[in-house]
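Contents: one structure, followed by commentary.
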Amino acid sequence: KNTTIFINLAGEILDNHKMKDLHIGFLNKALNYINQNEISLHWIQLSSIGAYGKPDIPSKKRFIDEKYILNPVGEYEKTKSSADQLIIDFQKSNSYFTYSILRPSQIIGKNMTNKSISNLISSISKGYYFTIGSYKSIRSYVNINDLVGVIILILKSYNNISKNKIYNISQNILLARIVKELRKEKHIKYFIPGIIPEKIIRLIVFFIPAFIKFPL
């Protein structure tokens, strides 16, 4: 009852059966308690950039801002998006409640569950890495320290600037630049040159049996 700010970082990313109960069920219980006791607090919600869905064509360029239409695909993204809407609707009828919703892209950092960056480093170190489609491909990573920095900025301005706002958090960087820096850092000279067409790779992957481990 004496809480002024609540930061909800809870998220289930592996077990689909637990996602709805944690992301939506827990939130409903919390909002009901806040409503019953008329607790004036600011709620910071960690959501997902996946709320905006995937492009029809993987290589298609999109500009996504906070007003972009939601189109979540997976269970994680759908339940997180539903939770966001519950928070927004609750605020509209309860003036003593405010929020900030954060939608980060892939979060990377030491001991993080997401292994995409470590897998990339591994493939480069072993000389497996090759470029598919274009040198202009980007990755949208967010370092865990930068995400913490965003939360701190929101805490400093939750009564004005960050009040009832949604923030997309991402850093677009050329994949070719990441590879170049990693090769430089690891002193790796060997690499597979050139660009392999995406259609060829998709065809190869399609015919490879599921039980065979493949680095794609």
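Here are some notes:
- Checked against the criterion of being over 24 Å from Phe63 (Cα atoms), modelled with pLDDT of 90 or more, open to solvent by less than 40 Å² (accessible area, probe 1.4 Å) and not aromatic (Phe, Trp, Tyr), region 126-134 contains not a single residue that satisfies it.
- Every residue from region 39-61 that is out of contact with any strand residue (DSSP E or B) (no Cβ under 9 Å at 6 or more places or on another chain) and either open to solvent by less than 80 Å² (accessible area, probe 1.4 Å) or within 16 Å of Asn8 (Cα to Cα) (or both): Gly53, Pro55
- Pair list, Cβ under 7 Å, 6 or more apart: region 170-192 residue of a type in the set (Ser, Thr, Tyr), other residue surrounded by 14 or more Cβ atoms within 10 Å (Cβ to Cβ): Ser170/Ile49; Ser170/Pro104; Ser170/Ser105; Ser170/Ser140; Ser170/Val142
- Within region 21-44, residues that are within 16 Å of Asp89 (Cα to Cα) and in a helix (DSSP H, G or I) have Cβ atoms under 8 Å from residues that are open to solvent by 70 Å² or more (accessible area, probe 1.4 Å) and aliphatic (A, V, I, L, M) in no pair, counting only partners at least 6 apart in sequence or on another chain.
- Scoring Lys18 on the criteria (1) outside any loop (DSSP other than H, G, I, E, B); (2) touching a helix residue (DSSP H, G or I) at 6+ places or on another chain (Cβ under 8 Å); (3) open to solvent by 80 Å² or more (accessible area, probe 1.4 Å) leaves a single failure, condition (2).
- Of all residues in region 131-167, those that are in a helix (DSSP H, G or I) and either free of Cβ contacts under 8 Å to residues at least 60 places away in the same chain or more than 28 Å from Thr113 (Cβ to Cβ) (or both) total 10.
- Positions within region 84-125 being assigned to a helix (DSSP H, G or I), closer than 22 Å to Glu12 by Cβ and modelled with pLDDT of 95 or more, in sequence order: Asp84, Gln85, Leu86, Ile87, Ile88, Phe90
- Test: residue in region 194-216 that is in a strand (DSSP E or B) and over 22 Å from the mean Cα position of the chain (by Cα): yes
- Set Ser122, Ser118, Ser95: member being open to solvent by 70 Å² or more (accessible area, probe 1.4 Å), among the polar types (S, T, N, Q) and without any contact (Cβ under 8 Å) to a residue 24 or more places away in the chain: Ser95
- Residue satisfying all of: in region 135-161; over 16 Å from the mean Cα position of the chain (by Cα) and of a type in the set (Ser, Thr, Tyr); least open to solvent (accessible area, probe 1.4 Å) among these: Ser157
- Scanning region 172-190 for residues that are open to solvent by less than 100 Å² (accessible area, probe 1.4 Å), of a type outside the set (Val, Ile, Thr), over 17 Å from Ser140 (Cα atoms) and not in a helix (DSSP H, G or I) yields no hits at all.
- Number of the exception - Asn71 against (1) loosely packed, with under 15 Cβ neighbours inside 10 Å; (2) in contact with a helix residue (DSSP H, G or I) (Cβ under 7 Å, 6 or more places away or on another chain); (3) assigned to a helix (DSSP H, G or I): (3)
The values are calculated or read from the model by the stated rules, or taken from the named source; none is laboratory data. Just so you know, these numbers come straight off a predicted model, no measurement behind them. Every residue, glycine among them, receives a Cβ derived from its backbone with ideal geometry; neighbour counts consider all protein chains shown. Note: areas computed on protein heavy atoms with side chains; ligands, DNA, RNA excluded. Shrake-Rupley method; radii C 1.70, N 1.55, O 1.52, S 1.80 Å.
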